[in-house]
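Before any comments, here is the structure.
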Amino acid sequence: MKIKPAELKMPHFARKIVGKRKAGLPPGSVVHVGEKKAEKVTIQLIDYDSKNVRELDVKRIEECFPFREKKTVTWININGLHDTAIIRTLGSKFGLHALVMEDIAHTMQRPKKEDFENYIYIVVKMLHFDADAVDVEQVSLILGENFVISFQEREGDVFDAVRERIRSGKGVIREKGADYLTYRLLDALVDNYFVILEKVVDSIESLESELLTNPTLGTLKKINSLKRELIFLRKSVWPLREVVGGVEKGESRLIKKGTLIYFRDVYDHTIQIIEAVETFRDMLSGMTDLYLSTVSNRMNEIMKVLTIIATIFIPLTFVVGVYGMNFQYMPELSWKYGYFLVLALMLAIFGGMMLYFRGKKWL
């Protein structure tokens, strides 16, 4: 898994985290905060019951209003949050609180769940790959009596399997209500986290191989980048446990008792993801220690070789220094075989020291 160059040396998950703020505006002001990820807002509508399915590409948000009064289940999916007029119009028709509409347009929300009398508001994070890097997107869900409204930052999501089940009538989704559809959407988001974790595992295995063969400074940078990605992955997943747990343990009339067991299954999957993230963080910390140990051992090997070389040349330098002195009366200087004797002495010293080092297993 490649890590995108991040703004201000921040990880990819943290892009725009210090974005513009609505300074001076009163609470409930619906202003888009965050990165504009869609050129235009698109709206899809799926209306179904046990016998029929109807899909529409909606041009104007008012086209969704007649479905509000039907007894069928209606799923309205909105891609793009920069056109706040659509959020205000839809919120006015479906009775959404002003603060809820404000949070929908503000893409820096922490995952959470708020239970109102006539609807439940849920904020989650959807993770996906963008040019081999992990990107995060805010998804807001509104669960009502017979409708679900989802707000996404752009087109492209992990809900295709849910749509296909609705179209084909596979499983029990067409027999269930809007609460079961909400479960299926949350389940799809959580299952996609496992896909992200598989990519993380591949990256960790690649780094482990690199650590054992040829660790470089670039390896350490990759480890630190992956650690930062996991930190923000943890921040996306950890609150999700509270969200799903709150839905499961809540007493909202919008969640039928028969559906609670499904939310409990999503809760269990969320716990598994959290445990996996914590495990990977520990592994990366261990890899950092392994890198430092490997570099230290390599440095120790280099220093050992240099020390041995220096130790060998100390006595040789002493001999050369003695016979390099300019005294007039040095008997060996006038001897015919003096040079060869000194050279043999130096070779003997070298050979003796090499044998000694080998005997100590220093070589």
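The values are calculated or read from the model by the stated rules, or taken from the named source; none is laboratory data. Here the structure is a predicted model, which means the values were calculated and not measured. Cβ coordinates were reconstructed from backbone atoms using ideal geometry, including for glycine residues, and neighbour counts include every protein chain displayed.
The requirement of being assigned by TED's automatic domain parsing to the domain that holds Phe116 and either touching a Leu at 6+ places or on another chain (Cβ under 6 Å) or free of Cβ contacts under 8 Å to residues at least 40 places away in the same chain (or both) is satisfied by Gly286.
Got a sec? Which of Lys113, Lys125 is over 23 Å from Lys257 (Cβ atoms), part of a strand (DSSP E or B) and basic (Lys, Arg)?
Lys125
Between Tyr329, Tyr267, Tyr262, Tyr337, the distinction of being within 24 Å of Tyr183 (Cβ to Cβ) and free of Cβ contacts under 8 Å to residues at least 40 places away in the same chain belongs to Tyr267 only. Here the condition is being modelled with pLDDT of 90 or more, of a type in the set (Lys, Arg), crowded, with 18+ Cβ neighbours inside 10 Å and in contact with a Gly (Cβ under 6 Å, 6 or more places away or on another chain); of Lys113, Lys176, it holds for Lys113 alone.
Restricting Ser252, Ser285 to residues that are more than 19 Å from the chain's Cα centre (by Cα) and either in a helix (DSSP H, G or I) or farther than 21 Å from Phe194 by Cα (or both) narrows the list to Ser252. Could you identify the single residue in Ile76, Ile87, Ile104 that is among the hydrophobic types (A, V, I, L, M, F, W, C) and assigned to a strand (DSSP E or B)? The unique qualifying residue is Ile76. Taking first residues from region 62-91 that are at pLDDT below 95 and partners that are outside any loop (DSSP other than H, G, I, E, B) and exposed (fewer than 14 other Cβ atoms within 10 Å of the Cβ), the Cβ contacts under 6 Å between residues at least 6 apart in sequence or on separate chains come to Phe65/Lys93. Of the residues making up region 153-196, those that are aliphatic (A, V, I, L, M), under 22 Å from Gly258 (Cβ atoms) and in a helix (DSSP H, G or I) are Ala161, Val162, Ile166, Ala178, Leu181, Leu185, Leu186, Ala188, Leu189, Val190. Of all residues being buried (at least 17 other Cβ atoms within 10 Å of the Cβ) and in contact with a Phe, Trp or Tyr (Cβ under 9 Å, 6 or more places away or on another chain) in region 253-268, which is nearest to Glu145 (Cα to Cα)? Just the residue, please. Filtering region 253-268 for residues that are buried (at least 17 other Cβ atoms within 10 Å of the Cβ) and in contact with a Phe, Trp or Tyr (Cβ under 9 Å, 6 or more places away or on another chain), the one nearest to Glu145 (Cα to Cα) comes out as Leu254. Restricting the first residue to region 231-246 and requiring it to be farther than 14 Å from Tyr121 by Cβ and crowded, with 20+ Cβ neighbours inside 10 Å, which pairs with a second residue that is at pLDDT 85 or above and charged (D, E, K, R) meet a Cβ separation below 7 Å and a spacing of at least six or different chains? Matching pairs, first to second residue: Ser236/Lys125. Taking the criterion of being under 30 Å from Tyr48 (Cα atoms), in the same structural domain as Ala161 (by TED's automatic domain parsing) and free of Cβ contacts under 8 Å to residues at least 60 places away in the same chain, would at least one residue in region 187-198 satisfy it? Within region 187-198, one or more residues are under 30 Å from Tyr48 (Cα atoms), in the same structural domain as Ala161 (by TED's automatic domain parsing) and free of Cβ contacts under 8 Å to residues at least 60 places away in the same chain. One residue is enough: does region 197-209 have a residue meeting the conditions more than 19 Å from the chain's Cα centre (by Cα) and either part of a helix (DSSP H, G or I) or more than 26 Å from Val162 (Cβ to Cβ) (or both)? The answer is yes, given that some residue of region 197-209 is more than 19 Å from the chain's Cα centre (by Cα) and either part of a helix (DSSP H, G or I) or more than 26 Å from Val162 (Cβ to Cβ) (or both).
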